[in-house]
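To keep things clear, I will list the structure first and then write my remarks on it.
Throughout, read-outs are computed from the coordinates displayed, never taken from laboratory work. For clarity, every value in this text was computed on a predicted model and none was experimentally measured. As a convention, Cβ positions derive from the backbone with ideal geometry for all residues, glycine included, and neighbour counts pool all protein chains shown.
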Amino acid sequence: MNKEIEQQYGLRVRQIENRARYRTFTQGNALYIIAPTTESEMELQELWQMGTYLLMKGDHTVASLLPTRSGNMVGKVNGETVTLWKGSVHERNKQMAKELAKLHQRGRTYPYPVQFHKRIGEWKDLWSRRLDQLEQFWKNKMKKHPENEFDKQFFESFPYYLGLTENAIQYLVDTELDDFPQPVDSATICHHRFRSSIWEDMIVKIPLDWVYDHCARDLSEWIREQWLHSSDEAEIHSFLSDYERISPLSRFSWRLIYARLLFPLHYFECVEGYYLAKDERERKRYEIELYNILDKTNEYERCLGRFHDLLKHRAMSFHLPTIHWLKN
């Protein structure tokens, strides 16, 4: 691996370490991240442009994409297609909410068209398509006897999550019909799936994690993680208060956050992941994950019912429509 990097990028590598999801190495004050990718050259060009813009705007925690000696966005390491990113080793801002708000603020001023990573305004179609695909798969599986415990749990749980998804889609449609977006609701640079670990494990931001969407995407996914693992309401209140000190949210934003939390993304990812898994070890991980999801169904439902409590102490108080069967 070391020789391949030296040949393709002209960098001497002394030692490669595993850090979170990636392999990394350092040279002086620079951190290099070797990140596998399935993105095309044009898709990577778009992410590179986003990252370059944020660096220009003063976010020095963003890693820059290094081309190979031949000018390609991707290289080959151990037969795997990879990208190489360079960032600076530095102390991270420990106030994650404020840092996220600043990222979104800067991202809203991004002046270039986004083609490949644009998700703003596409939630309804994406959710509907995903639901239709999984429902058809479920119907086909139901024609057979369950082969294992995962099949059985999937058979029994899917109707509930189908109903929850339909609620999410309807809430989203109503939001887009009833409410008016404000400047804060402009598209910005977000993450595919924002989790605390994305920034806690890496001291730089890697554009491979990014999409162009509404800030509600990142906020709802962070809240979802808390609900699934800790449900610490005080921490959630604190996080959202810190965020809004930098970037206050509109009623439209809050409704989008709630719509996305209604959509059971964690369930979809788990079921899809299990049936696409290539080995038994991976399937076992998804079996445990589904068990935990179903075990926490009532708690997650209670969190959805209490969501409006998060708005009680906000600087601007909004009344949001409720889902009556979820009412606390």
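When the stretch 120-232 is described by a simple charge dipole with +1 on each Lys and Arg Cβ and -1 on each Asp and Glu Cβ, the residue from Thr175, Trp138, Ile198 located farthest towards its positive end is Trp138. Among the chymotrypsin sites (Phe, Trp or Tyr not before Pro) within the stretch 245-328, those in coil by DSSP and having at most 15 neighbouring Cβ atoms inside 10 Å are Phe318. For the chain, the orientation-averaged shadow of the C-alpha convex hull comes to 18.1 nm² (one quarter of the hull surface). Every Cα-Cα pair of the stretch 81-163 was included, and the share exceeding 16 Å stands at 74 percent. For GluC sites (Glu not before Pro), the sites in the stretch 141-196 that DSSP calls loop and that have at most 13 other Cβ atoms within 10 Å are Glu147.
With R₀ fixed at 25 Å, the C-beta to C-beta distance from Ile16 to Asn72 puts the FRET efficiency at about 0.75.
When the dipole is taken about the Cα centre of the chain, and only Lys, Arg (+1) and Asp, Glu (-1) are charged at their Cβ, what size is it in debye, to the nearest 20? Don't jump to the answer; show the numbers that get you there.
Values: 46 positive and 48 negative charges, 143 e Å.
So the dipole magnitude of the chain works out to roughly 680 debye.
Phi angles of the stretch 287-296 translate, via the Karplus equation with coefficients 6.51, -1.76, 1.60 and θ = phi - 60°, into HN-Hα couplings of 4, 5, 5, 5, 4, 5, 4, 5, 5, 9 Hz per residue; Gly and Pro are given as x. Contact order, relative form, for the stretch 31-102: 39 percent (alpha carbon pairs under 8 Å, 6 or more residues apart, mean separation divided by residue count).
Helix 149-178 and the longest principal axis of the Cα set of the chain meet at an angle near 90°.
With the charge dipole of the stretch 1-136 set up from +1 on Lys and Arg Cβ and -1 on Asp and Glu Cβ about the Cα centre, the Cα lying farthest toward the positive end among the listed residues Thr68, Leu103, Trp48 is that of Leu103. Across the chain, the mean sequence separation of Cα contacts (distance under 8 Å, 6 or more residues apart), normalised by length, yields a relative contact order of 17 percent.
Using 1/(1 + (r/R0)^6) with R0 = 25 angstrom and r between the beta carbons of Asp174 and His229, what's the FRET efficiency to the nearest 0.05?
That gives a FRET efficiency of 0.25.
Would you work out the charge dipole size for the stretch 2-90 about its Cα centre, treating the Cβ of every Lys and Arg as +1 and the Cβ of every Asp and Glu as -1, and quote it to the nearest 20 debye?
Values: 10 positive and 9 negative charges, 81 e Å.
Dipole about the Cα centre, nearest 20: 380 debye.
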